[in-house]
Amino acid sequence: MRRSIILLVVVVVVIGLVWQGWAILHPASLPAQPVASVAATALLTAPIPDSAPNADAVRRGQYLARVGDCLSCHLAPGGQPFAGGYGLNTPFGVIYASNITPDRETGIGAWTADDFYRALHDGVGAGGEHLYPAFPYPWFERVSRADSDALYAYLRTVPAVHANPPANALPFPLNIRAAVMGWNLLFFKHTAFTPDPGQSAEWNRGAEIVTGLGHCSGCHSPTNQLGGVIASRDLQGATLDNYVAPDLTANPRTGLGAWSVDEVAEYLKSGRNDRANAGAAMADVITYSTSLLTDADRHAVAVYLKSLPASPDAGAEAPDAGAMQRGAAIYLDVCSACHLENGVGQPTIFPPLGRNSVVQQDDATGILRMILAGDRTGPAPGRPSPLTMPSFAWKLSDAEAADVATYIRNSWGNRGSAVSTDAAKSLRHRLGLDRPHLTANSGDHE
Ligand code: HEC
Ligand code: HEC
Ligand code: HEC
């Protein structure tokens, strides 16, 4: 038995490594982010009347569905809330989120509360099949039985939708769900949340959200080649699906070292503050999750994040003077209309680029993606209109995109490694932007 488990693990490791290589050569060509819709959040905030059956549990479950950000994944562009069908681009292929509405045939209408708890806690579906860890059960396993039952009660009240998600685009043998057993053996550990008595109640509440249902490390922590989180580098920033979820530790250059607790809380509430705007995948996290939490919970998350020790600083060499000069000219021509000449921007509208941690991440993929593909700040209650940054793939060559990225990474107090033309070229290819074409998001159409 032991030997066959070891064999299974070895097989999974080998397959994973092979697929990692394959995935780099064959980028998935999914559309960019779904457009976060404020309308879909209505279901997450609809008042539950006291007269509703099981009202307390349903209300609690509705709140937990916000904490767990269920809609970021269980809502496809143009689809119905909780009906799934949204494709997650993983290094191993595309995995589609399930329909978790109460439809009996295509959703989880026939599931019991036990089935539901087993899915969250063990990553196993109602038929005993293993679920892929693209579903964040490695974090959801910390949800208590009572909270799982509340989530279950809430999900039984949302409109049933009859819809099957598309089939996953996973290669053999990863399309065999038993392969997940090997992954679980290596990376999935049950670690119930135990409050730290040496910390405040608020800190513990923040820790519970960040390390549990909120699954922040699902994006913000670097993973090894098989997609397992590297525990020693928790929340130190990671690159996934061609964007960068930044360092959230106290590192003053790449992390939240310079942010106050209130600034973090404000960012989580409105998707913006005087330092940054929340774009890329964080836009959806803001819209479907953190903007809909209580002020107390956001503050608790901020207190916990601000207590994380600083990540080691990788530093960066001074960039080439020629690249800086060319980059400055491009910046003035193409970017300064919004971000202003000295990078100060217009806080909460056009983010300031000086001393900006997103701009200084060790991996420049995130800002290159913004420059080539554009970006959009997630809408939040009270801030319903999205702010968009146009895409410049049609306007800037690879060398120009690289130079302007190098320039903003090394101006106004910023320091970041130089960006190469090859990096821009390769990202442009991965994003399917090789052939420049004008789109609604194409900038000023000179
Ligand atoms: C990061 C994306 C993501 C988030 C966030 C997410 N899910 Fe999922 N979920 C998935 C994916 C992908 C699957 C399909 C996994 C598979 O097919 O193996 C899934 C599957 C499930 C299943 C199993 C359904 C079935 O038919 O087997 C349940 C139950 C579920 N999710 C509930 C939730 C709940 C409740 C939340 C919020 C608390 C949530 N999910 C948040 C991605 C996500
Ligand atoms: C689906 C992936 C994803 C998840 C889950 C996620 N984030 Fe993020 N986060 C990002 C990305 C990508 C950015 C960068 C946004 C940008 O560049 O505009 C970001 C940015 C941030 C920032 C701003 C950092 C900076 O330097 O500007 C904070 C703070 C943050 N996230 C907190 C959280 C917290 C707290 C959670 C959990 C409740 C969380 N994130 C969950 C992807 C994610
Ligand atoms: C039409 C106005 C506009 C122009 C022109 C523009 N941007 Fe932006 N930019 C924005 C907006 C709006 C955002 C916020 C989007 C988001 O949430 O990420 C943004 C975000 C950014 C960010 C992310 C900052 C953060 O804190 O997340 C970077 C980096 C950036 N822009 C660089 C540039 C560069 C380089 C250029 C020129 C090539 C440029 N921008 C041109 C409007 C603009």
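The values are calculated or read from the model by the stated rules, or taken from the named source; none is laboratory data. Given the structure is predicted, the values throughout are model-derived calculations rather than measurements. Note: ideal-geometry Cβ built from the backbone for every residue, glycine included; neighbour counts use all protein chains shown.
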- prompt: List pairs: first in the stretch 50-73 and modelled with pLDDT of 95 or more, second in a helix (DSSP H, G or I) and within 6 Å of ligand 1 (Cβ to nearest atom), Cβ under 8 Å, 6+ apart or cross-chain?
  reply: Gly61/Leu151; Leu64/Leu151; Ala65/Leu151; Gly68/Leu151; Leu71/Ala65
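From the list Asp284, Asp262, which one is outside the structural domain of Leu387 (by TED's automatic domain parsing), under 19 Å from the mean Cα position of the chain (by Cα) and assigned to a helix (DSSP H, G or I)? Lay out the reasoning, then the answer.
Working: Asp262 fails: under 19 Å from the mean Cα position of the chain (by Cα).
Criteria check complete, one pass: Asp284.
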message: Quick check on Asp398: is it more than 11 Å from ligand 3 (Cβ to nearest atom) and in the same structural domain as Glu341 (by TED's automatic domain parsing)?
response: yes
message: Can you tell me which condition Leu256 does not meet? The list is (1) of a type outside the set (Lys, Arg); (2) away from ligand 3 (no atom under 15 Å from the Cβ); (3) assigned to a loop (DSSP other than H, G, I, E, B); (4) touching a helix residue (DSSP H, G or I) at 6+ places or on another chain (Cβ under 9 Å), and all the others hold.
response: (2)
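Matching residues to (1) within 16 Å of ligand 2 (Cβ to nearest atom); (2) touching a residue at least 24 places away in the same chain (Cβ under 8 Å); (3) in contact with a Leu (Cβ under 9 Å, 6 or more places away or on another chain):
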| site | (1), (2), (3) |
| --- | --- |
| Gly85 | no, yes, yes |
| Thr90 | yes, yes, yes |
| Asp114 | no, no, no |
| Tyr117 | no, yes, no |
| His121 | no, yes, no |
| His130 | no, yes, no |
| Val143 | yes, yes, yes |
| Val158 | no, yes, yes |
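Is it the case, given these coordinates, that Gly85 is closer than 28 Å to Ser385 by Cβ and surrounded by fewer than 19 Cβ atoms within 10 Å (Cβ to Cβ)? Steps first, please.
On the way: closer than 28 Å to Ser385 by Cβ: yes; surrounded by fewer than 19 Cβ atoms within 10 Å (Cβ to Cβ): no.
No; evaluated as a whole, the condition is false for this residue.
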query: For the stretch 299-329, what are the residues that are in contact with a Lys or Arg (Cβ under 7 Å, 6 or more places away or on another chain), among the aliphatic types (A, V, I, L, M) and under 30 Å from Glu208 (Cβ atoms)?
result: Ala300
message: Condition (residue is within 19 Å of Gly279 (Cα to Cα) and in contact with a helix residue (DSSP H, G or I) (Cβ under 9 Å, 6 or more places away or on another chain)) applied to the stretch 414-426: is it met by at least one residue?
response: no
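If I filter the stretch 228-258 down to residues being in contact with a strand residue (DSSP E or B) (Cβ under 7 Å, 6 or more places away or on another chain) and more than 21 Å from Asn410 (Cβ to Cβ), which single residue comes out as surrounded by the most Cβ atoms within 10 Å (Cβ to Cβ)?
We begin by selecting, within the stretch 228-258, every residue in contact with a strand residue (DSSP E or B) (Cβ under 7 Å, 6 or more places away or on another chain); these are 229-230, 237-238, 241, 245.
Among the residues that remain, those that are also more than 21 Å from Asn410 (Cβ to Cβ) are: 229-230, 238, 241, 245.
On the way: Val229: 20, Ile230: 13, Ala238: 22, Asp241: 20, Ala245: 25.
Within the stretch 228-258, the match that is surrounded by the most Cβ atoms within 10 Å (Cβ to Cβ) is Ala245.
Return the total of residues in the stretch 67-89 being more than 9 Å from ligand 1 (Cβ to nearest atom) and under 18 Å from the mean Cα position of the chain (by Cα). Explain how you work it out, then say what you get.
Initially, the stretch 67-89 is screened for residues more than 9 Å from ligand 1 (Cβ to nearest atom), giving 75-81, 83, 85, 89.
Now drop any that are not under 18 Å from the mean Cα position of the chain (by Cα), which leaves 75-77, 85, 89.
Number satisfying all stated conditions: 5.
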query: Of the residues Thr377, Thr388, which single one is assigned by TED's automatic domain parsing to the domain that holds Gln325, surrounded by fewer than 24 Cβ atoms within 10 Å (Cβ to Cβ) and within 16 Å of ligand 2 (Cβ to nearest atom)?
result: Thr388
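Of Ala278, Ala250, Ala265, which residue is in contact with a His (Cβ under 8 Å, 6 or more places away or on another chain) and of a type in the set (A, V, I, L, M, F, W, C)? I'd like the intermediate steps shown before the answer.
Numbers: Ala278 fails: in contact with a His (Cβ under 8 Å, 6 or more places away or on another chain); Ala250 fails: in contact with a His (Cβ under 8 Å, 6 or more places away or on another chain).
Answer to the selection: Ala265.
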query: Of the residues that make up the stretch 191-212, is at least one small (Gly, Ala, Ser), surrounded by fewer than 17 Cβ atoms within 10 Å (Cβ to Cβ) and part of a helix (DSSP H, G or I)?
result: yes
message: Ala318 - would you say it is assigned to a helix (DSSP H, G or I) and either under 29 Å from Cys70 (Cβ atoms) or more than 16 Å from ligand 2 (Cβ to nearest atom) (or both)?
response: no
- request: For the stretch 329-341, name all the residues that are modelled with pLDDT of 95 or more and over 18 Å from Asp398 (Cβ atoms).
  value: Leu332, Ser336, Ala337, Cys338, His339, Leu340
field: Residue, surrounded by the fewest Cβ atoms within 10 Å (Cβ to Cβ), within the stretch 259-280, restricted to residues that are of a type in the set (A, V, I, L, M, F, W, C) and away from ligand 3 (no atom under 11 Å from the Cβ)
entry: Val261
- prompt: Pairs under 6 Å by beta carbon, first residue farther than 12 Å from Thr365 by Cα and not assigned by TED's automatic domain parsing to the domain that holds Asp363 in the stretch 407-418, partner in a loop (DSSP other than H, G, I, E, B) and not aliphatic (A, V, I, L, M), six or more apart or different chains?
  reply: none
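Any idea which of Tyr152, Tyr137 is under 24 Å from Phe82 (Cα atoms), within 16 Å of ligand 2 (Cβ to nearest atom) and either surrounded by fewer than 19 Cβ atoms within 10 Å (Cβ to Cβ) or not basic (Lys, Arg) (or both)? Can you show your working first?
Numbers: Tyr152 fails: within 16 Å of ligand 2 (Cβ to nearest atom).
Within the list Tyr152, Tyr137, the selection yields Tyr137.
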